[in-house]
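Colleague: Here it is, the structure, as structure tokens.
Here, each number is a calculation from the coordinates, and none is a lab measurement. Keep in mind it's a predicted model, so treat the numbers as computed, not measured. For neighbour counting, all protein chains shown are included, and Cβ atoms are generated from backbone atoms with ideal geometry for every residue, glycine included.
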Amino acid sequence: MPNQYMPHTAADIERMLAACGASSLDDLYSDVPEELRLNRPYDLPEACSEKEVRDFFAAMRDKMTPLTCFAGGGFYDHYTPAAVSSILSRSEFLTAYTPYQPEISQGTLQYIFEYQTIMSRLTGMDVSNASMYDGATATAEAMMMTVAAARKRNRVLISETVNSAVAQVCATYARYHGIVLEVIPQDGGVTSRAEFEMMVKAGDVAGVIVSQPNMFGIVEDYTGWADTCHAAKALMAMNCQASPLAVLRTPGEWGADIACGDAQSLGMPLNFGGPYLGYICTTKALIRKMPGRIVGATKDAKGNRVFVLTLQAREQHIRREKATSNICSNQGLMALHTAVYCSLMGPEGLRQVNEISAANAHYLVEQLCATGKMEQAYPDKPYLNEALMRVKPGLTATAIIEAAEKAGILAGVVVADDLLLVCATEMQTRDDIDRYVQLVKSL
């Protein structure tokens, strides 16, 4: 299909204008006040041939220096199998949007159903939605779920070890929804158990939000936390990166009521910041409080297995401030991306990705410590593929970032002048790691 995105012809436009009862395209914007209109030509270059356009962008690309990525902080450099992009580009998927009419949307509904099944199994929860824009908004929606379920309580606790960007989005949502959001302090890189219990037992808590692994890469121990929450009639929500759930205890096994976070780690390219995919999974008891779409499997009049939107009316998403959520279009391309990636990788493939990532990360941390220029900030805490490093006096985290960039390396995420968060996945070779270590050693 050589011309997948042909624009409308002049004849097409005339026919559409006639159907609308308009004489020109400008008539379609007649209700826009004159002072808001742009009354000058767009500042665009002259039209180019296809070759000239390709040459222009090739020249831009050649000016860029690809960086070997050792940065994480919520978004991770994982490999995307070539088959994923090939399947996503099929026209029946690429053009899919709102599957309200099941009789013509079975393909779309089926892959949403498969996505939900995968996420439910990955999180150990009963049901999954499809889906949210990113992990931050998904966590904010989970926060609102806890308040909606509690009815008269509007106080939510969030751990200081939750990614700060996620916490800031939750704070914004809380401000405009009348939710009191309080921070549980961290102690030694993990959420303070003593502070958590004291704050929950004070009463009036609707929900508690924790993270796994946390913003420092530490795998926290949440044994008994769900019991403490439930004894106080509060719900427990866990913000989790999706890929590590293949090897860590699931939110369901921890006793959480809601699992939420970003699925970007399931093979989505970093793409300069998106698009990504937020997920929410929960228990059957909370299914009607969950935003996003839900697809169910049933049988038609002839006994064939078919798929339909279920449990939620379309109006549930479009009632403005009374809606459970108006975020649902992401259930198209990005949910399909996740379903295809996970289907290709399978449980064993996901486990191998995390085992290789963990091995690379531990080798990286050991070698960086051996330089004498850095040490682990929390050496007694377990981690998977990401760790917080303390830069010793005489060197700063920013200095390492700047020097590494010149060498074609993205060295990590600066947390403070003396703190650098480093990460490794299956994408970095031992040679890449050794090159990074030698650079640090030379500073």
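Colleague: Residue farthest toward the positive end of the dipole of the chain, with Cβ of Lys/Arg at +1 and Asp/Glu at -1: which of Ala256, Gly188, Val340?
Modeller: Ala256
Colleague: Give Lys381/Lys406; Lys201/Lys381; Lys201/Lys289; Lys233/Lys284; Lys233/Lys381; Lys63/Lys441 a once-over and call out the pairs whose C-alpha atoms are over 21 Å from each other.
Modeller: Table pairs above 21 Å Cα-Cα are Lys381/Lys406; Lys201/Lys381; Lys201/Lys289; Lys233/Lys381; Lys63/Lys441.
Colleague: Say each of Tyr100 and Leu28 gets a label point 7 Å from the Cα, pointing the same way as Cα to Cβ; how far apart are those two points in nm?
Modeller: Here the answer is 2.0 nm between the modelled labels.
Colleague: For the chain, list the DSSP H helices whose alpha carbon atoms reach 30 Å or more along the long axis and whose average Kyte-Doolittle value is 0.0 or above? If you can, show how the numbers build up before the last one.
Modeller: Details: long enough: 333-370 (43 Å, 0.44).
The qualifying helices are 333-370.
Colleague: Given the peptides 383-396, 195-208, 298-311, arrange them by the average over their residues of other C-beta atoms within 10 Å, most packed first.
Modeller: 383-396, 195-208, 298-311
Colleague: Rounded to the nearest 20 Debye, what is the dipole magnitude of region 82-341 about its Cα centre when Lys and Arg each give +1 and Asp and Glu each give -1 at the C-beta?
Modeller: Roughly 920 debye, rounded to the nearest 20.
Colleague: Here is a follow-up. Note down, for the chain, the three equivalent ellipsoid semi-axes (square root of 5 times each alpha carbon gyration tensor eigenvalue), biggest first, whole angstrom.
Modeller: 38, 32, 23
Colleague: Over the chain, what is the percentage of antiparallel beta bridges among all DSSP beta bridges, to the nearest 5?
Modeller: Bridges in the chain that DSSP calls antiparallel: roughly 60 percent.
Colleague: Given the peptides 181-188, 70-77, 36-43, 360-367, arrange them by the average over their residues of other C-beta atoms within 10 Å, most packed first.
Modeller: 70-77, 360-367, 181-188, 36-43
Colleague: Here's something else I'd like to know. At 0.36 nm per residue, and after removing the present C-alpha to C-alpha distance, how many nm does the segment from Thr9 to Glu355 gain when stretched out fully?
Modeller: Value of the extension gain: 119.2 nm.
Colleague: Between Asp221 and Lys406, with labels modelled 7 Å along Cα→Cβ, what's the label distance in nm to one decimal, could you check?
Modeller: 4.5 nm
Colleague: Let me have the 222 nm mean residue ellipticity of the chain computed from DSSP H runs of 4+ only, each contributing -39500 (n - 2.57), with the sum over all residues rounded to the nearest 500.
Modeller: Rounded to the nearest 500, the figure is -11500 deg cm²/dmol.
Colleague: Next question. What order, most packed first, do the peptides 152-163, 258-269, 167-178, 47-58 have when packing is the mean number of other Cβ atoms within 10 Å of each residue?
Modeller: 258-269, 152-163, 167-178, 47-58
Colleague: Report the charge-dipole magnitude of the chain in Debye, nearest 20, computed about the Cα centre from +1 at each Lys and Arg Cβ and -1 at each Asp and Glu Cβ.
Modeller: 1240 debye
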